[in-house]
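Take a look at the structure set out below.
Since every read-out is calculated from the coordinates, none of them should be taken as a lab result. Just so we're clear, the structure is a prediction, and the values are computed from it rather than from any experiment. Cβ coordinates were reconstructed from backbone atoms using ideal geometry, including for glycine residues, and neighbour counts include every protein chain displayed.
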Ligand code: SF4
Ligand code: ZN
């Protein structure tokens, strides 16, 4: 197969675009899609400061690299969750990647915050991924706000977005449908959140990461539930195989015609956000935010443990 652009030997074939590319033309194709994703949804400008959430996975590293190649003002932020066997590997990949490409990186350690994920899991007896997600979102937002970034970028790709959209519509979760999209404006203590890879599939991003020599991180989280998202992604893959290009059409159709309807409804009926009385983070609970509630629950379990006979100091 020949490259659609230069007619050299093709390395990547994309049915959804009815095209094949050689490595050099593929990198240009990827860059064009990122640019279209940013400019088409007005995600951020070259003058703005963008904080990029770096998990150590190929999507976030590919995003960081491409944004820096396009001259955007980017800084990476990695959250070290303190999970044995997984976090050190993720952090190592991220640090080596940023050092290799001369990119700015900040690392926030959950161990020093008293929120290492194994500790939270052992004490709280609740599904850990929900608490872990809350903690990550909290610190990404807090650091972006405190350090005055204009936007927080994540490496979510088209497959992530379409699976989430499908899941939200299966539950008709109108609150989530109202603010799903590549750009969520800054408001009430939340930084603007952006997803510049929204036009690119997992396969397309993986090809870019491979061609750019991005090191792969092979130490998955031991708590990974194997999520229902994989089932939805499998179904969507079948749809895409039968109808190439349908995923992007579905998502773009939602952005143009679905989301505005849900956003209007939510603006009329949605819950107001208030600052958490403990830390100031915006919350709709009317009380402590999710992370302050996790901290309070950890303190309660600490208190319970000092009540145990073996912890009592006899006077
Ligand atoms: Fe956190 Fe769950 Fe992801 Fe592990 S799988 S990093 S616990 S969200
Ligand atoms: Zn709080």
**Request:** Take the range 59-104 and flag every residue that is touching a helix residue (DSSP H, G or I) at 6+ places or on another chain (Cβ under 7 Å), within 19 Å of residue 219 (Cα to Cα) and in a helix (DSSP H, G or I).
**Result:** 59, 61, 62, 97
**Complete:** Restricting attention to the range 105-127, the residues that are under 27 Å from residue 215 (Cβ atoms) and in a helix (DSSP H, G or I) number exactly 2
**Prompt:** If you go through the range 206-226, how many residues are farther than 10 Å from residue 27 by Cα and surrounded by 15 or more Cβ atoms within 10 Å (Cβ to Cβ)?
**Reply:** 8
**Request:** Kindly establish whether residue 142 is under 24 Å from residue 201 (Cβ atoms) and within 16 Å of ligand 2 (Cβ to nearest atom).
**Result:** no
**Request:** Filter the range 62-87 down to the residues that are more than 16 Å from ligand 1 (Cβ to nearest atom) and closer than 30 Å to residue 119 by Cα, then identify the one that is surrounded by the fewest Cβ atoms within 10 Å (Cβ to Cβ).
**Result:** 75
**Message:** Cβ contacts < 9 Å: first residue within 17 Å of residue 133 (Cα to Cα), restricted to the range 274-291; second residue within 16 Å of ligand 1 (Cβ to nearest atom) and part of a loop (DSSP other than H, G, I, E, B), any location; separation 6+ or different chain. Result?
**Reply:** 291/115
**Prompt:** For the range 211-249, how many residues are assigned to a loop (DSSP other than H, G, I, E, B) and more than 13 Å from ligand 1 (Cβ to nearest atom)?
**Reply:** 9
**Item:** In the range 9-26, the residues that are in contact with a helix residue (DSSP H, G or I) (Cβ under 8 Å, 6 or more places away or on another chain) and farther than 23 Å from residue 252 by Cα
**Value:** 11, 12, 21, 23
